[in-house]
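Colleague: Sending over a structure as structure tokens; questions will come in a sec.
Quick note: the coordinates plus some simple rules give every number you see, no bench work behind them. In this text, all values refer to a predicted model and were calculated from it rather than measured experimentally. Reconstructed Cβ throughout: ideal geometry from the backbone, glycine too, with neighbour counts over all protein chains shown.
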Amino acid sequence: MPEVYQFADRADAGRRLADVLAREPVERPVILAIPRGGVAVGTEIAARLGAELDLLFVRKIGAPWNHEVAIGAVAGCSAPQTVFNSDLLACSGATRAYVETEVALQIAEIDRQRIAYLGGRSAVALEGRNVIVTDDGVATGATLAAGLKALRLQRVHSITLAIPVAPPEAIELLSVSADRVVCLLRPHDFRAVGPHYLDFAQVSDGEVIDALTRATGYPDNP
């Protein structure tokens, strides 16, 4: 059996991604980390590239009969944007009232999370910027793909997706919505993200807040 590559922890994965990204730098990058696991990855990338760090909130809009089936997603950055899978939406049985209610709920949850993690700090302005979206790994990529499409609506200049590990089929899906994908490990026998880390402990809200405070200087230096 060939040796399976493993990351020591999320910070190790972030440093390794930063090494790759630093070889082909983009101008004035903004790192958008997906909470919670992506924050430890994103802080390492931001530190290495001297980039601004913010959060990309992606909330799934589930089908009425199964909330695990994503008929769309809301992505929240400087302003929440909503995208839908038109085929799934058409056959989901979701009424207009259902969709409007779900979108409102997810936007409210994004607002709650942003206040919890960043308090009163304003989101980084993204229009015209080169954004680098990162997480600690991707499984199916369906919700994130919708999030990237919503991010594109904010008129960013380019989108780079930087992730430590994902299956090839997820990379293929996400490549449609990103200008560049940097993925360190693409196992064909992928089962889950966790086994590729020696330390994949659950990240708490407190750890996210501490990491963001160290990276951004907020609240002392907003």
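Colleague: What does the helix-only formula give at 222 nm for the chain: each DSSP H stretch with n ≥ 4 adding -39500 (n - 2.57), the total divided by the residues, and the result rounded to the nearest 500 deg cm²/dmol? Walk me through the intermediate numbers first.
Modeller: On the way: 7 runs with 87 residues, N = 222.
That calculation yields -12500 deg cm²/dmol at 222 nm.
Colleague: Evaluate the range 103-222: find the radius of gyration of its Cα atoms, find its Kirkwood radius, and give the ratio Rg to Rh. Intermediate values should be presented prior to the final figure.
Modeller: On the way: Rg = 15.8 Å, Rh = 16.1 Å.
My calculation puts Rg/Rh at 0.98.
Colleague: Can you tell me which of 148-159, 62-73 comes out highest on packing, and rank the rest after it, using the mean Cβ neighbours within 10 Å?
Modeller: Working: 148-159: 18.7, 62-73: 17.2.
Top of the packing list down: 148-159, 62-73.
Colleague: Convert each backbone phi in the range 195-203 into a coupling constant with the Karplus relation 6.51 cos²θ - 1.76 cosθ + 1.60 (shift: θ = phi - 60°), then list the ³J(HN,Hα) values in order as whole Hz, x for Gly and Pro.
Modeller: With coefficients 6.51, -1.76 and 1.60, one gets x, 8, 10, 6, 10, 10, 5, 4, 8 Hz.
Colleague: Given H placed 1.01 Å from N in the peptide plane, which residues other than close sequence neighbours of residue 83 have an amide H under 5 Å from its amide H?
Modeller: It is 73, 75, by chain and number.
Colleague: Normalising by the residue count of the chain, find the relative contact order in percent from Cα pairs under 8 Å and 6+ residues apart.
Modeller: Numbers: 420 pairs, mean separation 55.2, N = 222.
Once normalised by length, the contact order is 25 percent.
Colleague: Mind listing the long-range amide H neighbours of residue 197? Cut-off is under 5 Å, sequence gap 5 or more, other chains count too, H placed in the peptide plane at 1.01 Å from N.
Modeller: Amide H neighbours of residue 197, under 5 Å, 5+ apart: 7.
Colleague: Order 128-138, 202-212 from most to least packed using the mean count of other Cβ atoms within 10 Å. Mind showing how you got there, number by number?
Modeller: Details: 128-138: 24.8, 202-212: 15.1.
My ranking of the peptides, most packed first, is 128-138, 202-212.
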